[in-house]
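**Student:** Once you've had a glance at the structure underneath, I'll fire off some questions.
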Amino acid sequence: MFDQSKVVGLPISRIDGPLKVTGQARYAAEHFEPGMLFGHVVLATIASGRLIAVDVRGAERVPGVIKIYTHENRPKTAYRDSKWKDAVALPGHPFRPLENDRVLFDGQPVAFVVAETPESARDAAALVHMHYTAELTHTDIVAEQHNSYEPPVARMKQFLPPPPRGDAEQAFAGASYKISADYILSGEHHNPMELFAATVRFEGDGAFTIYDKTQGSQNSRDYVCGVFDLDPDKVIVRNDFVGGAFGQALRPKHHLFFAVMASLDLSRSIKVEMSRREMFYLTWRPSCIQTVSLAADTEGNLEAVLHHAVHATSRHEDYQENVANWSGLAYKCDNVKISYEIVKLDLATPGDMRAPGAATGVNALETAMDELAYEIGIDPLDLRIRNFVHRDQNLDKAITSKALHACYREGAARFGWSERSPAPRSMQEGNDLVGWGMASGIWEAMMSKGEAKVRLSADGKVTVSAAASDIGTGTYTILGQIAAEVFDCAIEAVTVDIGKSDLPKTGVEGGSWTAATTGSAVQTAARAVIKSLLTHAQSMEPSPLADVTDEQVEIAEGRLVLESNHQIGIAIADIMAASGLISIEEHAKVGPDMLAMKKYVSYSHSAVFVEVKVDEQLGIVRVTRVVSAIAGGRILNPKTARSQILGGVVMGIGMALHEESAIDHRTGRIMNHNLAEYHIPAHADIHDVDVIFVEEDDDKASPIGVKGLGEIGIVGVAAAVSNAIFHATGKRIRRLPITIDKILESETAE
Ligand code: MOS
């Protein structure tokens, strides 16, 4: 933990901000090489079947076309699946572009055109004619749920449902108050601003520099080295700047495969950038059906929780996420039964999308809790407070910290929840029905293994380096703050070097673990620099710091000083000069405290309060106010932290009201693969969003007390919106998104 707070905890603007707003920050598609080629991918127009012929004659006649690749002439690649498995690969067979004549999903890459200009490549791609035999497709989770199965190989053991507790069915049958309902989520598509792209610089002799849009430069490097049998020491992948990703860029995508394949084959530099349409055929948040049954006594004490979830996966991989286990740990209950299955559909493999699993499963639980509150006739917030629990009952472990009461209290006060009139349809403003709803959120506060290097120069300048990514979250800034705090310097004196695969080992940026992981690594390396500085100081004659330990010293105003008396110390420059050094660099490795984690588990928590105004005649819902109160451990930077939560809330509103993968189930094709027909919230959809960070000290979640904020902001938002819509209208709509047609067609509950 930090003893002081001069830089950490301040709302410092992004240190990479000026580069971004002046266009100097280059994204993957913005790098150019002399004489480079351009690639364009041809996408399948069926969802299931076989290619019987590929006609490239017209395409080949387009001026500037260099080569067209299909499954018939694709260069050789690794044979074994293990070589294709990236760091976060799933059980099953990884997708191999142009492997054979089989089409497994709509938009599957089926040919790849390389040309002298992007225009030639695109035009030629449009002239590649595919002849298929199309087969019947199955893409509707509602129709296919009878084919669901328990994943035979678990992606992670914590995704497996906990063993049942008590007898949930019996408790449910005998309870005074109960509800049971099905909740359906249509699939969602990630839509980061930056399109997937890779610019590959061909350097000869097996060497490449690759600018890739990815959440993990080392994951991309290891993937291409595995697939193309390249030497990892000769391949550098860079992702200096990433224009959003939300989980879509955790796993390498086909643009990277094609770019490296063609660069190797043609010995040229090449760029491949996806179209927005192409982005829709990748990883998606899977469609999901859940049944949640809750029962309580007359005072609202939960007596039974049953949660069954089924979500989609592809034909070739078993995608898994933790959808339902949250229901066993969010509230105190002795009778719990959780089950989880997946079902194969003719669609691309789903993938992690902001708070994967929790955004879906907690949404169902929190809508069900709202239904139960009405059933009993108590306030939805009171029902949650009554069932508060400070222990993870699934794992029977203590929770490192859970300042959720403070979220409830401070969120409700800011929102004005006590003014709420309990009955549905009882609040009105002009022509609009007004509804107030709330929900809780939860996300695992994870720390992973990570490394960092920190270098302190004699002139007081600091360099921090790690292969971490900043996917728009503020990683550059918080790492700079952590180093500036330890060395008592201005953040301007710190250079943060991240986003390159040849820097200290770091996992993919995901799961909200980067601040906790790389942040702790930077702090540990910085403390190691101080320790090393002290050793040098103690070799000076005489040394005022001769008899102290590194625990007793710190840096203040450019000097290594005694913590208890800043008068006693030596200037950094003098210590280095005496030892003939110009800088000191230390490398640190960190990981979760496995011993502590035998007893503890760590989560971030939230309470979300939402006001909607509904024009019932037009079916239009406006989310006019949101208060999101977050318990996320130590907040390193309230400004970038707030942006994380704002982004999560906006995405949650999209999930509640707008975002939906519209599939024509007769053909298995995605119909709304563009930003005109797949609506993500625009400015006009977003009104007041207020973020509160409640005080939460946690010395176990991570060495720096951080829990991570990338995901928690979205969890519970869609449920709070849907609960507010019920309060406004008396209409309980259990299939997201809650679009105009559903408001118009739904009946008001009794
Ligand atoms: Mo996150 S969905 O692990 O990028």
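**Student:** For a quick check of your reading: which strands (runs of 3 or more DSSP E) sit entirely within segment 420-482 and have at least 1 residues that are over 20 Å from residue 586 (Cα atoms) and of a type outside the set (S, T, N, Q)?
**Tutor:** Hits in segment 420-482: 432-444.
**Student:** Right, another one. Kindly evaluate residue 271 against the criterion of being closer than 30 Å to residue 674 by Cβ and basic (Lys, Arg).
**Tutor:** So residue 271 passes the test.
**Student:** Please tell me if residue 188 is out of contact with any Leu (no Cβ under 7 Å at 6 or more places or on another chain), among the charged types (D, E, K, R) and open to solvent by less than 30 Å² (accessible area, probe 1.4 Å).
**Tutor:** yes
**Student:** Follow-up. Give the residues of segment 505-564 that are touching a residue at least 60 places away in the same chain (Cβ under 8 Å), open to solvent by less than 20 Å² (accessible area, probe 1.4 Å) and part of a helix (DSSP H, G or I), sorted by residue number.
**Tutor:** Those that are touching a residue at least 60 places away in the same chain (Cβ under 8 Å), open to solvent by less than 20 Å² (accessible area, probe 1.4 Å) and part of a helix (DSSP H, G or I): 514, 516, 517, 518, 519, 520, 521, 522, 525, 526, 529, 533.
**Student:** Condition test on residue 450, is it in contact with a Gly (Cβ under 7 Å, 6 or more places away or on another chain), crowded, with 23+ Cβ neighbours inside 10 Å and not hydrophobic (A, V, I, L, M, F, W, C)?
**Tutor:** Yes.
**Student:** Output the residues belonging to segment 226-241 that are open to solvent by 10 Å² or more (accessible area, probe 1.4 Å), under 13 Å from residue 210 (Cβ atoms) and not charged (D, E, K, R).
**Tutor:** Passing the criteria: 228, 230, 232, 236.
**Student:** Filter segment 242-271 down to the residues that are touching a residue at least 60 places away in the same chain (Cβ under 8 Å), crowded, with 20+ Cβ neighbours inside 10 Å and either outside the structural domain of residue 213 (by TED's automatic domain parsing) or within 16 Å of the ligand (Cβ to nearest atom) (or both) and list them by number.
**Tutor:** Residues satisfying the conditions are 242, 245, 246, 247, 248, 249, 250, 251, 252.
**Student:** Also, quick follow-up: Across segment 77-112, which residue is nearest to residue 54 (Cα to Cα) among those that are outside any loop (DSSP other than H, G, I, E, B) and touching a Phe, Trp or Tyr at 6+ places or on another chain (Cβ under 8 Å)?
**Tutor:** 111
**Student:** Report, ordered by the first and then the second residue, all pairs with beta carbons closer than 7 Å, sequence separation of six or more or different chains, a first member in segment 77-93 that is touching a residue at least 60 places away in the same chain (Cβ under 8 Å), and a second member that is β-branched (Val, Ile, Thr) and crowded, with 19+ Cβ neighbours inside 10 Å.
**Tutor:** 77/227; 78/227; 83/227; 84/227; 87/508; 88/508; 90/349
**Student:** Please count how many residues of segment 351-367 are part of a loop (DSSP other than H, G, I, E, B), more than 9 Å from the ligand (Cβ to nearest atom) and acidic (Asp, Glu).
**Tutor:** Matching residues across segment 351-367 total 0.
**Student:** Only residues in segment 331-356 that are not assigned by TED's automatic domain parsing to the domain that holds residue 315 and surrounded by fewer than 24 Cβ atoms within 10 Å (Cβ to Cβ) count as the first member; pair them with residues that are among the charged types (D, E, K, R) and at pLDDT below 95, Cβ under 8 angstrom, at least 6 apart or cross-chain, and list the lot.
**Tutor:** The qualifying pairs do not exist here.
**Student:** Looking only at segment 118-137, how many residues end up being closer than 16 Å to residue 667 by Cβ and either open to solvent by 70 Å² or more (accessible area, probe 1.4 Å) or assigned to a strand (DSSP E or B) (or both)?
**Tutor:** 6
Rundown of residues vs (1) over 20 Å from the mean Cα position of the chain (by Cα); (2) modelled with pLDDT of 95 or more; (3) closer than 19 Å to residue 31 by Cβ, yes/no style:
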{"position": "245", "(1), (2), (3)": "no, yes, yes"}
{"position": "258", "(1), (2), (3)": "yes, yes, yes"}
{"position": "265", "(1), (2), (3)": "yes, yes, no"}
{"position": "268", "(1), (2), (3)": "yes, yes, yes"}
{"position": "281", "(1), (2), (3)": "no, yes, no"}
{"position": "285", "(1), (2), (3)": "no, yes, no"}
{"position": "290", "(1), (2), (3)": "yes, yes, no"}
{"position": "304", "(1), (2), (3)": "yes, yes, no"}
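**Student:** Moving on. Are any residues in segment 138-179 of a type in the set (A, V, I, L, M), under 29 Å from residue 346 (Cβ atoms) and either in contact with a Phe, Trp or Tyr (Cβ under 6 Å, 6 or more places away or on another chain) or open to solvent by 50 Å² or more (accessible area, probe 1.4 Å) (or both), and if so, which ones?
**Tutor:** 142, 143, 153, 156, 160
The values are calculated or read from the model by the stated rules, or taken from the named source; none is laboratory data. Keep in mind it's a predicted model, so treat the numbers as computed, not measured. Positions of Cβ are backbone-derived with ideal geometry, glycine not excepted, and every protein chain shown enters the neighbour counts. Side chains are part of the model used for accessible areas, which takes the heavy atoms of the whole protein and leaves out ligands, DNA and RNA. Shrake-Rupley method; radii C 1.70, N 1.55, O 1.52, S 1.80 Å.
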